[in-house]
Amino acid sequence: MKNNIYTNTNTFAITTPLYYVNDLPHIGSAYTTIAADTVARFQRLQGRSVLMITGTDEHGQKIQRTAQSKGRSPKEHCDSVVTGFESLWQQLNIQYDRFSRTTASNHEKIVKEFFQRVWDQGDIYLSQQQGWYCVSCEEFKEERELLEDKYCAIHTNQKVEWRDEQNYFFRLSRYQEQLEAFYQERSEFIQPESRRNEVLSFVKQGLQDFSISRVNVDWGFQLPIDPNHTIYVWFDALLGYVTALLDPDSEPTLENALSKWWPINLHLIGKDILRFHAVYWPAMLMSADLPLPERVFGHGFLTKDGKKMGKSLGNTLDPFELIQKYGSDAVRYYFLKEIEFGVDGDFSETRFINVLNADLANGLGNLLNRTLKMAHKYFNGQIPNINGEKIEVSHSLKKIGISLGEEVTQAYASLAFSKVCEAVLVLARACDKYIDETAPWSLYKQGQLETVAEVLYSVLESVRLAAYLLSPIIPNISNAIYQQLGFSNDFNDKSVINSSEIFVKQVSWGTLPGNQILGQPQPVFQRLELIETVA
Ligand code: MSP
């Protein structure tokens, strides 16, 4: 298969990791999914046809053991946890297109066809595997990577287990040079830069073949060439991305799966699973003679007291509780604004409340509210009849507003969500300053209605632009703002047809239609109070 068959610049396929179902989702899984949903929404806003993939990774020893400990069959266990994931995504307003479960029967067909291709290449062989295995990571570890007393460095309360068994191996070492050449040629493949460097230095040490079958785990697909082995959970799981590309009623073949959305544009993952995505996965695809994904972005960890939050450590936050207390937009906004995407960040509930009150309740919310009230009082509930395009470019808000669309678009493209929010807040803060300086209430008393019209118009237009640009992050609040400005847009309606022309128009400052009837002013975000500590 050739590269060019798959190139389609107006489509965009994005994935979250396929989450383990050892337990209900925690805030760490929610983090990646919020980011992926935000990217997907922004791509749709720009008029691209988007496929957002999420799902669950259900095979392997970790799941088998968890099910056993709960006295359930693995499948029963998986089904019940999957419901929890679906419910969380619904509560977080995640608009995924495909939910890929690795226990699905069409997935088995894809895995087996792929395995056959790699086998036919001569890239799989039987050998003896000896080493330390972390069941929570589902990964063999080098002795030098372990903490004292053979604890895993990621799951710091789990000891690794010694394994000495026959496994089938994938000839990763064969792809050393090809991978290195690929990283050089496609310098944007691994992001951010620090992760790229990590991978480059790992690969430079020399790649070793890795085992892709297990003899002691029943819960997995049988190896097509040897019924005594099941396929290693990671070999199976990475292919879940491919299975997800199949149209629901199409026959599960690689050719069908890869016909529309391949290659995937962006794999969003946490830094702990970087090697699988940036080294093993491209090598497997090379072996199967398939084009490689465009980009892998490894974000940092949400931490508590400096330690990765996770179920294994029991130091996690319950996302359901957080959403119930503060709402989905608040949760989405906080994690994307407060933690630079790519580096680790600690959670503090006090900080959470302060940020949301400052940016959304006081910042954007108050600004809209007080301006709308004036528009109701002075202009009969209508947007002042001004042509925004005629306002001078030196106008303090227009000056910021006209370049904001481009700045924010670039920030979204590089997944700098924090920068997106900051750039928008610069405009909101400038609005507050502008209102205080111009004091439209005094101008009104002095009968300077034309100036008041321009002041209110330019603030309302700036709030509109801010809401539009933040809509991938806080869609419900953006909807409320648009409705109060008299529009009927619904940023949660995926079926709305967007285009690059509509996008360019919407991100241009000065498009607010004069005389439009405004809605009633209502707080778009209620101030939060610290009620009690979560988790
Ligand atoms: N099943 C594999 C992925 C297979 S993809 C083909 C897996 N699952 S996981 O549920 O353990 O982790 C999924 C993702 O959640 C990873 O990207 C991981 O980095 C992320 N997070 C888990 N805990 C996290 C934090 N505390 N903070 C941020 N992300 C974290 O690995």
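The values are calculated or read from the model by the stated rules, or taken from the named source; none is laboratory data. Quick caveat: nothing in here was measured; it's all calculated off a predicted structure. So basically every Cβ, Gly included, is an ideal-geometry build from the backbone, and we count neighbours across all protein chains shown. Protein only, heavy atoms only, side chains kept; ligands, DNA and RNA dropped before computing areas. Shrake-Rupley method; radii C 1.70, N 1.55, O 1.52, S 1.80 Å.
Within region 346-357, is there a residue that is away from the ligand (no atom under 16 Å from the Cβ), closer than 25 Å to TYR482 by Cβ and among the charged types (D, E, K, R)? No, region 346-357 contains no residue that is away from the ligand (no atom under 16 Å from the Cβ), closer than 25 Å to TYR482 by Cβ and among the charged types (D, E, K, R). Counting residues in region 190-201 that are within 30 Å of SER414 (Cβ to Cβ), small (Gly, Ala, Ser) and either loosely packed, with under 12 Cβ neighbours inside 10 Å or in contact with a Leu (Cβ under 7 Å, 6 or more places away or on another chain) (or both) gives one or more.
Take the conditions in contact with a helix residue (DSSP H, G or I) (Cβ under 6 Å, 6 or more places away or on another chain) and more than 9 Å from the ligand (Cβ to nearest atom) and apply them to ALA283. Does it pass? Yes; evaluated as a whole, the condition is true for this residue. Those helices (runs of 4 or more DSSP H) of region 322-384 in which at least 2 residues are touching a helix residue (DSSP H, G or I) at 6+ places or on another chain (Cβ under 9 Å), in the same structural domain as GLY447 (by TED's automatic domain parsing) and open to solvent by 20 Å² or more (accessible area, probe 1.4 Å), considering only elements entirely within it, cover 367-379. Of all residues in region 92-105, those that are surrounded by fewer than 19 Cβ atoms within 10 Å (Cβ to Cβ) and of a type outside the set (Gly, Ala, Ser) total 3.
I'd like to verify a number: residues in region 385-413 that are among the polar types (S, T, N, Q) and either surrounded by 14 or more Cβ atoms within 10 Å (Cβ to Cβ) or in contact with a Gly (Cβ under 9 Å, 6 or more places away or on another chain) (or both), how many? Reasoning before the result, please.
If we filter region 385-413 for residues that are among the polar types (S, T, N, Q), which is where we start, we get 385, 387, 394, 396, 403, 409-410.
Okay, now just the ones that are also either surrounded by 14 or more Cβ atoms within 10 Å (Cβ to Cβ) or in contact with a Gly (Cβ under 9 Å, 6 or more places away or on another chain) (or both), so 385, 387, 396, 409.
Of the residues in region 385-413, 4 are among the polar types (S, T, N, Q) and either surrounded by 14 or more Cβ atoms within 10 Å (Cβ to Cβ) or in contact with a Gly (Cβ under 9 Å, 6 or more places away or on another chain) (or both).
Only one residue in TRP162, TRP132, TRP89 is assigned to a strand (DSSP E or B), crowded, with 18+ Cβ neighbours inside 10 Å, touching a residue at least 12 places away in the same chain (Cβ under 8 Å) and of a type in the set (A, V, I, L, M, F, W, C), so which one is that? Even if it seems obvious, please write down each step before you answer.
Numbers: TRP162 fails: crowded, with 18+ Cβ neighbours inside 10 Å; TRP89 fails: assigned to a strand (DSSP E or B).
On inspection, the qualifying residue turns out to be TRP132.
There is at least one residue in region 2-17 that is more than 30 Å from GLN506 (Cβ to Cβ), modelled with pLDDT of 90 or more, crowded, with 24+ Cβ neighbours inside 10 Å and near the ligand (Cβ under 8 Å from one of its atoms).
All of (1) touching a strand residue (DSSP E or B) at 6+ places or on another chain (Cβ under 9 Å); (2) within 14 Å of the ligand (Cβ to nearest atom); (3) open to solvent by 30 Å² or more (accessible area, probe 1.4 Å) hold for TYR125 with one exception: (2).
Yes/no matrix, rows are residues, columns are (1) among the hydrophobic types (A, V, I, L, M, F, W, C); (2) at pLDDT 90 or above; (3) in the same structural domain as ASP23 (by TED's automatic domain parsing):
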position: GLN121; (1), (2), (3): no, yes, yes
position: TRP132; (1), (2), (3): yes, yes, yes
position: SER136; (1), (2), (3): no, no, yes
position: LEU147; (1), (2), (3): yes, yes, yes
position: LYS159; (1), (2), (3): no, yes, yes
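For LEU290, which of the numbered conditions (1) modelled with pLDDT of 95 or more; (2) under 18 Å from LEU470 (Cβ atoms) fails to hold? Result: LEU290 passes all but (2).
Given (1) within 19 Å of GLN91 (Cα to Cα); (2) at pLDDT 95 or above; (3) part of a loop (DSSP other than H, G, I, E, B), where does GLN526 come up short, assuming only one miss? Just one mismatch for GLN526, condition (2). Checking each residue in region 51-92 for being polar (S, T, N, Q) and in contact with a Pro (Cβ under 6 Å, 6 or more places away or on another chain) picks out only GLN64. Consider region 135-159 and keep the residues that are over 27 Å from ILE225 (Cα atoms), of a type in the set (A, V, I, L, M, F, W, C) and open to solvent by less than 60 Å² (accessible area, probe 1.4 Å). The one that is farthest from the ligand (Cβ to nearest atom) is LEU146. Taken together, LEU258, LEU246, LEU223, LEU239 contain a single residue that is open to solvent by less than 60 Å² (accessible area, probe 1.4 Å), in contact (Cβ under 8 Å) with a residue 60 or more places away in the chain, within 14 Å of MET284 (Cα to Cα) and in the same structural domain as THR102 (by TED's automatic domain parsing), which is LEU239.
Here's the yes/no breakdown for (1) within 16 Å of the ligand (Cβ to nearest atom); (2) among the hydroxyl-bearing types (Ser, Thr, Tyr); (3) in a helix (DSSP H, G or I):
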residue: ASP23; (1), (2), (3): yes, no, no
residue: GLY28; (1), (2), (3): yes, no, yes
residue: VAL50; (1), (2), (3): no, no, no
residue: ILE53; (1), (2), (3): yes, no, no
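Scan GLN68, GLN46 and give me the residue that is modelled with pLDDT of 95 or more and open to solvent by 10 Å² or more (accessible area, probe 1.4 Å).
Numbers: GLN68 fails: modelled with pLDDT of 95 or more.
None of the others qualify; the one that does is GLN46.
Restricting attention to region 293-310, the residues that are within 20 Å of the chain's Cα centre (by Cα), more than 7 Å from the ligand (Cβ to nearest atom) and not small (Gly, Ala, Ser) add up to 5. Filter region 477-508 for residues that are of a type outside the set (S, T, N, Q) and either within 19 Å of ALA375 (Cα to Cα) or in contact with a Lys or Arg (Cβ under 9 Å, 6 or more places away or on another chain) (or both) and give the result. Across region 477-508, the qualifying residues are ALA480, ILE481, TYR482, LEU485, GLY486, PHE487, PHE491, LYS494, VAL496.
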